[in-house]
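The block underneath contains the structure these notes are about, expressed in structure tokens.
Bear in mind that the values in this text are calculations on the coordinates, not laboratory data. Predicted model, so just to flag it, every value in this text is computed and none were measured. A quick note on method: Cβ atoms are made from the backbone with ideal geometry, for glycine too, and the neighbour counts reach across all protein chains shown.
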Amino acid sequence: QQKRRRYLKREKGVAMKSYNVCIVGGGSTYTLGFLKSFVRLREEFPLKKLVLFDIDAERQEPIGKYGEILFRERFPELDLSYTTDIKEAYEGMDFVFMQMRAGGLPMRAKDEHIPLSMGMIGQETCGAGGMAYGLRSCVDMIKAVHDIRNYAPDAWILNYSNPAAIVAEALRREFPDDKRILNICDQPENVVRSCSRLLGCNWEDLDPVYFGLNHYGWFTHIYDAHTGEDLLPKIRETIAKNGFLPQDAEQRDQSWLDTYGMVQTIMSDFPDYLPNTYDQYYLYPDYKVQHLNPNFTRADEVMAGREKRVFSECAEVIKEGKLGDRFHAISDAHAEMMIKVAEAIAYNKNSRHILIVENNGAIANMQDDAMVEVVCELGINGPRPMRVGNIPQFYLGLLVNQVSSEKLIVDAYYEHSYEKALQAFTLNRLVGDAKKARKVLDALIEANKGMWPELK
Ligand code: G6P
Ligand code: MN
């Protein structure tokens, strides 16, 4: 039916439009997956022009050159360029995909190492490290979105820069009337895809119901999209017996397999719902601290692994002048998801996606102005969240605590307030004590000099 609708639109000449896309953070290790996915999905989402933008020319260049070779082989009519200039990047864009990493991977390493060295969770987006990254991202994201609006007032901004929860709250405050900023994370969809692996079905035949904050949520139901049967009891039973693996387990590092593995523990303690994998940090902080290595965290693993692989793939391709079989090496779920989101908007598909939106009653017993993550229908007029009603006290308690911490860190950004930052840190479950909060906050202020607003 969808194919037919597309065909009809083509007849009328509507779908013949092709789109201009900019990727902010074009030098990221995720970009190759996007380049390949844009080729694979060129029928569904036709591109006219693609611009890769990065403030770091040295990272951008090899990925840009790789793109030139890839598209010459497989998508020669595409107009590809890469740049460090904001006007070139944003002017005339229909969609801007935002995947910036404020401070780069070296700062991610500090976000993880510093709290862990003090016996607290050190993680990219959760706890003290996540708040540190949050303050850097507030600075860089708010500036970037103003720049985009200057050159492309009507472009859709699809943001998956982290920490998405804090970034979404900051953008909500800075651009209250802007209806074309969408915040999204791939983790819920990754969990759904992993269920499909476990059930032996196609992930698109699963119809999830989900609530939470970004990196802190639960699936209340996973329906069979055709029969309506709730498959969650079966998923629970299978996980209890066999554990839980990511859909693309064969491509994952051990730390990710450990993370998915924790879903079994979470569901044995809290069997109501299927958790987001990040819930492990909030539910078992002591256990996780004991099992993480403060001298070699996920950031180190990424720098030694994915980052090396991506840049050596670029170097090889540039040297050989061709991609050849490398095109088939990886299919990238995250990139495909983002392109499908753009497609939903471009073709007004009203398809379902799990998105980060202002609550306004979607979770009935949470405050209206919380940025929550729920299933939405998505089309040209933006997301329409689907209500989940009241959530049980346990989950409400966890989420109200976390959303308060997230809001306070954004207050700290706007007010340049040390006191608000201290409150955010103290309240956060992964810090949880005012003396510890002050100690880790002071160390992070030192490490983030010049990248944070000055807190007074
Ligand atoms: C998931 C999350 C992202 C996060 C990423 C980190 O995809 O949804 O928000 O950035 O994991 O993955 P990495 O492999 O870099 O540790
Ligand atoms: Mn995410």
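Please grab the % of Cα pairs in the range 276-354 that end up more than 17 Å from each other. Before the final figure, lay out each step's value.
On the way: 2170 of 3081 pairs.
For the range 276-354, the share of Cα pairs beyond 17 Å comes to 70 percent.
In the structure shown, do any of K48/K87; K87/K407; K110/K308; K110/K449; K87/K143; K48/K340 have a Cα-Cα gap over 21 Å, and if so which? Walk me through the intermediate numbers first.
Working: K48/K87 18 Å; K87/K407 32 Å; K110/K308 19 Å; K110/K449 13 Å; K87/K143 14 Å; K48/K340 17 Å.
Pairs exceeding 21 Å: K87/K407.
Starting from one equal scatterer on each C-alpha and no solvent at all, send me the Debye-based log10 I(q)/I(0) for the range 109-184 at q = 0.14, 0.23 Å⁻¹, two decimals.
-0.48, -0.95
At 37 °C and a viscosity of 0.692 mPa s, what translational diffusion coefficient does Stokes-Einstein give for the range 403-444, taking Rh as the Kirkwood radius over Cα pairs? Give it in µm²/s as a whole number. Before the final figure, lay out the partial values.
Values: Rh = 9.8 Å.
Once the numbers are plugged in, D ends up at 336 µm²/s.
Please compute the length gained on full extension between L257 and N360, using 0.36 nm multiplied by the number of residues separating them and subtracting their Cα-Cα distance. Walk me through the numbers on the way to the answer.
On the way: separation 103, 0.36 × 103 = 37.08 nm, distance 3.56 nm.
So the chain would gain 33.5 nm between L257 and N360.
When only alpha-carbon atoms count, how far does the range 184-244 stretch along each of its three principal axes, as whole angstroms with the largest first?
For the range 184-244, the Cα spread along each principal axis is 26, 26, 17 Å.
Per the helix-only calculation at 222 nm, which mean residue ellipticity applies to the chain, given -39500 (n - 2.57) for every DSSP H run of n ≥ 4 and division by its residues, nearest 500 deg cm²/dmol? Numbers along the way, then the final one.
Working: 18 runs with 229 residues, N = 456.
Value at 222 nm, helices only, nearest 500: -16000 deg cm²/dmol.
Over the Cα atoms of the range 133-232, Rg to Rh with Kirkwood Rh, two decimal places?
Expressed as Rg/Rh, it is 1.10.
Could you name the aspartates and glutamates in cross-link range of K241, using Cα to Cα under 20 Å and dropping any fewer than eight places away on the same chain?
D230, D258, D269, D272
Under the Kirkwood approximation applied to all pairs of distinct alpha-carbon atoms, what is the hydrodynamic radius of the range 50-142 in Å? The partial results should precede the final answer.
On the way: mean 1/r = 0.0652 Å⁻¹.
Radius from the Kirkwood sum: 15.3 Å.
Taking the Cα centroid of the range 24-70 and of the range 98-114, what is the distance between the two, rounded to the nearest whole Å?
A separation of 21 Å, based on Cα centres.
Report, please, the projected area of the range 278-317 averaged over directions, based on the convex hull of its C-alpha atoms, in nm². Write down the numbers at each step before the final one.
Details: hull surface 14.0 nm².
Mean projected area of the Cα convex hull: 3.5 nm².
Please work out whether the range 233-300 counts as rounded, prolate or oblate from its C-alpha gyration tensor, where a ≥ b ≥ c are the square roots of the eigenvalues and a/c under 1.5 means rounded, while otherwise a/b larger than b/c means prolate and anything else oblate? Intermediate values should be presented prior to the final figure.
Working: a/c = 2.69, a/b = 1.41, b/c = 1.90.
Oblate.
Any chance you could check the Cα centroid distance between the range 433-456 and the range 129-191 for me, in angstrom?
If you average the Cα positions of each part, the centres end up 23 Å apart.
In 10 Å bins starting at 0, how do the alpha-carbon pair distances of the range 333-456 split up by percent?
Per 10 Å bin, starting at 0, the Cα pair percentages come out as 13, 30, 26, 25, 6, 0.
Suppose we look only past 19 Å in the calculated P(r) of the range 273-406. What percent of the Cα-Cα pairs does that tail hold?
On the way: 6147 of 8911 pairs.
Tail of the P(r) past 19 Å holds 69 percent of the pairs.
Report D for the chain in µm² per second (integer): Stokes-Einstein, Kirkwood Rh on Cα pairs, 20 °C, 1.002 mPa s.
Values: Rh = 22.6 Å.
The estimated diffusion coefficient comes to 95 µm²/s.
Using all C-alpha to C-alpha distances in the range 64-198, build P(r) with 5 Å bins and read off the rounded percent in each one.
Percent of pairs per bin, in order: 2, 9, 15, 16, 16, 16, 14, 8, 3, 1, 0.
Would you mind counting up the charge near N242? Only other residues with Cβ under 13 Å from its Cβ, with Lys and Arg at +1 and Asp and Glu at -1. Provide the component values of the computation, followed by the final result.
Values: positive: R197, K234, R236, K241; negative: E237.
Around N242, the surrounding residues sum to +3.
Longest exposed-loop-site-free stretch of the chain, with GluC sites (Glu not before Pro), DSSP loop and at most 13 other Cβ within 10 Å?
Numbers: sites that count: E43, E77, E229, E454.
The answer is 230-453.
For q = 0.09, 0.14, 0.15, 0.21 Å⁻¹, what log10 I(q)/I(0) does the range 159-312 give under the Debye formula with an equal point scatterer on each alpha carbon and no solvent?
-0.34, -0.82, -0.92, -1.38
Under a no-solvent Debye model with one identical scatterer per Cα of the range 61-113, what's log10 I(q)/I(0) at q = 0.16, 0.21, 0.30 Å⁻¹?
At q = 0.16, 0.21, 0.30 Å⁻¹ the computed log10 ratios are -0.70, -0.95, -1.16.
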